[in-house]
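What follows is a short report on a single structure.
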Amino acid sequence: MKVKKCPYCSSTNLREEEKMIVCEKCGFHTLPLYTNLSEDYENNPITPFDRIMKAQPILLKVLKVLDKNTNQWWFPLIMNLYPKGIVYPIGDENNWKWAFSSYVVIPLDLREQYPIPDRPGEYYEYQLDLQNTAYCNTYLEAIDKFKK
Ligand SMILES: [Zn+2]
């Protein structure tokens with residue numbers, strides 16, 4: 001069955017990218033894989049989606065909503081475009097916002113403090129500039145900062 005509107009905000013402004021569907025209004029997204037969530041996925045993950053959900057930040061777990069027409073779950077999309085920046089939801093269930101943090105170059109003499117896991121002798125060139133994170137009221141606002 002085709003998804004026609006976002007189960008979180010009811011917008012019909014949906015963008016389809018490969019198999020992913022993103023709500024352009026609120027930033028929630030879904031994939032065909034996001035089905036069959038077990039009741040106790042946290043302690044006893046069984047399905048592939050159980051394992052995906054278990055690995056998500058708490059905020060995404062509490063915000064997830066089920067589209068009853070398709071039986072697919074939706075939750076906010078974290079958009080990480082290294083080394084440009086990252087758009088992500090932040091806060092708790094009752095009070096959350098969208099945030100944008102950009103990456104900044106790590107000075108050469110400090111890089112040894114940022115080793116890449118499982119890649120001996122390799123170091124990150126960029127890190128997130130969390131001190132200058134922009135907090136936005138809407139997904140669109142955060143995406144706007146991302147594009148600049
Ligand atoms: Zn939406």
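Nothing in this text is a laboratory measurement; each read-out follows from the coordinates by a stated rule. This is a predicted model, so every value here is computed, not measured. A quick note on method: Cβ atoms are made from the backbone with ideal geometry, for glycine too, and the neighbour counts reach across all protein chains shown.
Would it be correct to say that residue 45 is within 16 Å of the ligand (Cβ to nearest atom) and out of contact with any Cys (no Cβ under 9 Å at 6 or more places or on another chain)?
It is false that residue 45 is within 16 Å of the ligand (Cβ to nearest atom) and out of contact with any Cys (no Cβ under 9 Å at 6 or more places or on another chain).
State the number of residues belonging to the stretch 73-98 that are surrounded by 20 or more Cβ atoms within 10 Å (Cβ to Cβ) and farther than 17 Å from residue 141 by Cβ.
Adding up the residues that qualify gives 3.
Hey, among 15, 51, which residue is over 21 Å from residue 142 (Cβ atoms), more than 14 Å from the chain's Cα centre (by Cα) and without any contact (Cβ under 8 Å) to a residue 12 or more places away in the chain?
Every option except 51 fails the conditions.
If you scan the stretch 18-42, which residues turn out to be more than 17 Å from the chain's Cα centre (by Cα), of a type outside the set (A, V, I, L, M, F, W, C) and either closer than 22 Å to residue 96 by Cα or surrounded by 11 or more Cβ atoms within 10 Å (Cβ to Cβ) (or both)?
The answer is 35, 36, 38, 41, 42.
Take residue 38 and decide whether it is within 16 Å of the ligand (Cβ to nearest atom) and either in contact with a His (Cβ under 9 Å, 6 or more places away or on another chain) or part of a loop (DSSP other than H, G, I, E, B) (or both).
Answer is no for this residue.
Suppose the filter is closer than 28 Å to residue 127 by Cα and within 15 Å of the ligand (Cβ to nearest atom); does residue 20 pass it?
yes
Name the pairs: first residue in the stretch 61-90 and touching a residue at least 24 places away in the same chain (Cβ under 8 Å) and more than 16 Å from residue 27 (Cβ to Cβ), second residue surrounded by 13 or more Cβ atoms within 10 Å (Cβ to Cβ) and of a type in the set (A, V, I, L, M), Cβ to Cβ under 6 Å, at least 6 apart or on different chains?
Within 6 Å, the pairs are 70/3.
Would you check if residue 101 is surrounded by 12 or more Cβ atoms within 10 Å (Cβ to Cβ), within 30 Å of residue 124 (Cα to Cα) and small (Gly, Ala, Ser)? Show your work before the answer.
Values: surrounded by 12 or more Cβ atoms within 10 Å (Cβ to Cβ): yes; within 30 Å of residue 124 (Cα to Cα): yes; small (Gly, Ala, Ser): yes.
Spelling it out, residue 101 is indeed surrounded by 12 or more Cβ atoms within 10 Å (Cβ to Cβ), within 30 Å of residue 124 (Cα to Cα) and small (Gly, Ala, Ser).
Taking the condition within 16 Å of the ligand (Cβ to nearest atom) and either within 14 Å of the chain's Cα centre (by Cα) or of a type in the set (A, V, I, L, M) (or both), does residue 64 pass?
So residue 64 passes the test.
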